[in-house]
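Beneath this line is the structure, given in structure tokens, with notes to follow.
Derivation of every value follows stated rules applied to the coordinates shown; laboratory data play no part. Just so it is clear, the structure is predicted and the values come from calculations on it, not from any experiment. Here the Cβ positions follow ideal geometry from the backbone for every residue, glycine too, while neighbour counts run over all protein chains shown.
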Amino acid sequence: MSSSEAARQVRQERLLYLLSPIGLLLLWEIAIRAGLGDRRFVPAPSDIAERFYLLCASGELPWDTVVTLWRIVAGFLLGAIPGVALGLWMAMWRGVRIIVDPLIAALFPIPKLALMPLILLAFGFGETSKVVVVAIGAFFPVIVNAYAGAANIEKIYIDVARNYGASSRIMFTRVVFFGALPLIFAGLRVALAISFIIGTAAEFVAAKSGIGYLIWSSWELLQVDAMFVGIVTIGILGVITSTLFLEIERKVIPWKAP
Amino acid sequence: MAEPPRKGARIAIAGLSRMFEGPRGSVQALTGIDLSIAPGEFLCIVGPSGCGKSTLLRILAGLDRQTSGKVSIDAAGWAVTNAMVFQESGLFPWMSVEQNVGFGLMTRGMPATERAPRVEAAMRLVGLTQFRHHFPHQLSGGMRQRGAIARAFVTDPAVLLMDEPFAALDAQNRTILQEELVRIWETTGKTVVYITHSIDEALFLGDRAAIMTAHPGRIKEIIDIPFPHPRNLMELSVTPSFGTLKLKIWRVLEDEVNRARASEDAA
């Protein structure tokens, strides 16, 4: 089979992937219009699309998107960067591992949203509290993966570096860091998804803006179509960021076979 | 032709032993190793798997320490004492061929402008110049092993330590690389300690072969390999003296292999 033919087949398959979601939406629309279900509680896709358009036109949805994205990205970075650094340190120095390991074991399983009241107490109702709760959620998967990545580097690379006279600085910056990079990225992807979950959930209870707030306030006003708009927006943002993330990973880890 | 190459390091090993503490008591990996290697000599260490030959090489490389005994490597006048070529190339997957080859110079603080011509020369030596920007996963096994050899030679070490560097290659590639290695060695005068489990390989490459035996690992016999250099490996392999020497080494090893199997059966 020629390569262009293979590419055509891939494109065809991607189009076919759209078939079932579109079919589902159509069935949904038809069912609601046929009078199955109460349109006030279960809006038709066309109702949601209309509301989506109205919320965009009023500037409300774009603003909420910006606010939520800022909280998620800021929190993600605030948690991920120390997570990577500390995870690598744990692998390099036994002392750090002995201090940090039991703390991870104790703190990782705690639902981070359970900390929200404490965080509100500490940081108030402002932006900081949301960023901090996202950061805490993002921190743990990153530190665990960075540590695992650095601790499990194939021994031969450590041997080579030692035999060729690498100082501990070179060992860290040229060998351990890069050797751990594939697992660090795996941790970052998990952390990104967790950031979305925690970020929007924190907005349910502790914010007056953002997509999470849009979903929660719509529920209180029983605007079910607006709720769906919020949920769909989060889904779209998730797809966009994870695609972007894969692209970055390909650029940063070119040696990883595609 | 340039000036005759200076000779590599002299190595003296006396009464060396290495014990490993395992879950079922201690294991004597090496015992009573006495060995002196002349400057510029190509010494092959031949032995069955598990005889501790890799451990001996790791001790020479400074990656492991003996339990008792003495090792001295006299590398006066050489900036770098030793460089090792590992069984699997051990090229860093995240570095290009060029960066990999220059690694041992970078770690020693040589500025990039000074590194470049030496890296270039080393890559030319092994025929990898067109692949300088490739990553190791884009190369064949033979090319990766060439890169590992360039990485070792670029540091200009007094001793080259090689741990079955061509064992994972197919026969054709192995023969080509063996010939290249001999050619490079003949022009550089380095001391080479080369580990192999293949008698043929030892006879192709070495000035002497140290035959090791297992449980505990020790040197049973050291055999001179008197074939003149430069050697043509294929022509050499069909000479009667090659066959005679091969059989002689095999007889030494055979006893040991049988003895090891007998003791395993008894256990």
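3J(HN,Hα) couplings calculated from phi for the range A:239-245 with the Karplus curve 6.51 cos²θ - 1.76 cosθ + 1.60 (θ = phi - 60°) are, in sequence order, 5, 4, 5, 6, 5, 4, 5 Hz; Gly and Pro show x. Using C-alpha pairs below 8 Å separated by at least 6 residues, the relative contact order for chain B is 27 percent. When you filter the trypsin sites (Lys or Arg not before Pro) in the range A:32-69 for DSSP loop state and at most 15 other Cβ atoms inside 10 Å of their Cβ, you are left with A:ARG39, A:ARG40. For the pair A:LEU36 and A:ILE253 in one chain, pulling the backbone fully straight at 0.36 nm per residue adds 73.0 nm over the alpha carbon distance.
Per residue of peptide A:150-159, the mean number of Cβ atoms on other chains within 10 Å of the residue Cβ is 3. Using the Cβ-Cβ distance between B:GLU114 and B:ALA12 with R0 set to 35 Å, the FRET efficiency from 1/(1 + (r/R0)^6) comes to roughly 0.55. Just to be sure I understand: with springs between alpha-carbon atoms less than 10 Å apart, which residue in A:TYR164, A:TYR147, A:TYR53 has the highest mean-square fluctuation in the Gaussian network model of chain A? Per the Cα network of chain A with a 10 Å cutoff, A:TYR164 tops the list.
Taking Cα atoms only, the orientation of helix B:240-266 departs from the longest principal axis of chain B by about 60 degrees. 3J(HN,Hα) couplings calculated from phi for the range A:168-179 with the Karplus curve 6.51 cos²θ - 1.76 cosθ + 1.60 (θ = phi - 60°) are, in sequence order, 5, 5, 5, 3, 6, 7, 10, 10, 5, 4, 5, x Hz; Gly and Pro show x. A crude spin-label estimate for the pair A:VAL100 and B:GLN28, with each label 7 Å from Cα along the Cβ direction, gives 4.4 nm. What separates the Cα centres of the range B:11-82 and the range A:70-141 is a distance of 48 Å. Shape summary of the protein assembly as shown, radius of gyration then Dmax from alpha carbon positions: 32.3, 98 Å. Kindly state, to the nearest 0.05, the FRET efficiency for A:LEU221 paired with A:ARG14, given R0 = 25 Å and r defined as their beta-carbon distance. According to the calculation, E is roughly 0.05.
Once the Cα-Cα distance is subtracted from the 0.36 nm per residue extended length, the B:ILE222 to B:ARG65 segment shows a gain of 54.2 nm. Axis of helix B:112-126 versus longest Cα principal axis of chain B: the two differ by about 60°, to the nearest ten degrees. Reducing the range A:224-241 and the range B:89-116 to their Cα centroids gives an inter-centroid distance of 48 Å. Placing pseudo-labels 7 Å out from each Cα toward the beta carbon at B:THR187 and B:PHE20 gives an inter-label distance of 3.9 nm.
By counting other Cβ atoms within 10 Å of each Cβ, how are A:LEU16, B:LEU105, A:LEU54 ranked from fewest to most? Please report the intermediate quantities before stating the final value.
On the way: A:LEU16 9, B:LEU105 24, A:LEU54 14.
So the residues, fewest neighbours to most, are A:LEU16, A:LEU54, B:LEU105.
3J(HN,Hα) couplings calculated from phi for the range A:53-61 with the Karplus curve 6.51 cos²θ - 1.76 cosθ + 1.60 (θ = phi - 60°) are, in sequence order, 5, 4, 5, 5, 4, 6, x, 5, 5 Hz; Gly and Pro show x. Once both labels are positioned 7 Å from their Cα atoms along Cα-to-Cβ, the gap between A:TYR53 and A:ILE22 label points is 1.9 nm.
When only C-alpha pairs under 8 Å and at least 6 residues apart count, what is the relative contact order of chain A, in percent? Present the calculation step by step, with values, prior to reporting the outcome.
Numbers: 268 pairs, mean separation 58.9, N = 258.
It comes to 23 percent, rounded to a whole number.
Largest GNM mean-square fluctuation among B:VAL27, B:VAL119, B:VAL101, using chain B with Cα springs under 10 Å: B:VAL27. Per residue, chain B reaches -12000 deg cm²/dmol at 222 nm when only DSSP H runs of four or more residues are counted, each adding -39500 (n - 2.57). The ranking of B:LYS190, B:LYS246 from fewest to most other beta carbons within 10 Å of each one's beta carbon is B:LYS246, B:LYS190.
Return the average number of partner chain Cβ atoms within 10 angstrom of each residue Cβ along peptide B:143-151. Walk me through the numbers on the way to the answer.
Working: counts 0, 0, 0, 0, 0, 1, 0, 0, 2.
Mean partner shielding for this stretch: 0.
Here's how it looks for B:ALA9: its modeled amide H is under 5 Å from those of B:GLY40, B:VAL159, B:THR191, which are all 5 or more places away or on a different chain. Figure legend: label point modelled 7 angstrom from the Cα of A:VAL190 along Cα→Cβ; residues of the range A:129-145 with amide N under 16 Å from it are A:136-145. In whole Å, how far is the Cα centre of the range A:26-50 from that of the range B:188-267? Distance between centres, Cα-based: 83 Å. In a solvent-free Debye calculation with one equal scatterer on each Cα, what is log10 I(q)/I(0) for the range A:116-162 at q = 0.19, 0.20 Å⁻¹, listed in the order of the q values? Listed by q, the Debye log ratios stand at -0.66, -0.69.
Once R0 is set to 22 Å, what does the formula 1/(1 + (r/R0)^6) return for the Cβ-Cβ distance between A:LEU246 and A:VAL66, expressed as a FRET efficiency to the nearest 0.05? Mind dumping the intermediate values first?
On the way: r = 23 Å, r/R0 = 1.06.
After rounding to 0.05, the efficiency reads 0.40.
Would the range A:24-145 count as rounded, prolate or oblate if I go by the C-alpha gyration tensor, calling it rounded below 1.5 in a/c and otherwise prolate when a/b exceeds b/c, oblate otherwise? Present the calculation step by step, with values, prior to reporting the outcome.
Working: a/c = 3.01, a/b = 2.38, b/c = 1.27.
Prolate, since a/c reaches 1.5 and a/b exceeds b/c.
For A:TRP89, B:TRP94, the sequence from fewest to most other C-beta atoms within 10 Å is A:TRP89, B:TRP94.
Are any of the pairs A:LYS155/B:LYS53; B:LYS7/B:LYS248; A:LYS130/A:LYS208 more than 22 Å apart by Cα-Cα distance, and if so, which? Don't jump to the answer; show the numbers that get you there.
On the way: A:LYS155/B:LYS53 18 Å; B:LYS7/B:LYS248 30 Å; A:LYS130/A:LYS208 11 Å.
Listed pairs above 22 Å: B:LYS7/B:LYS248.
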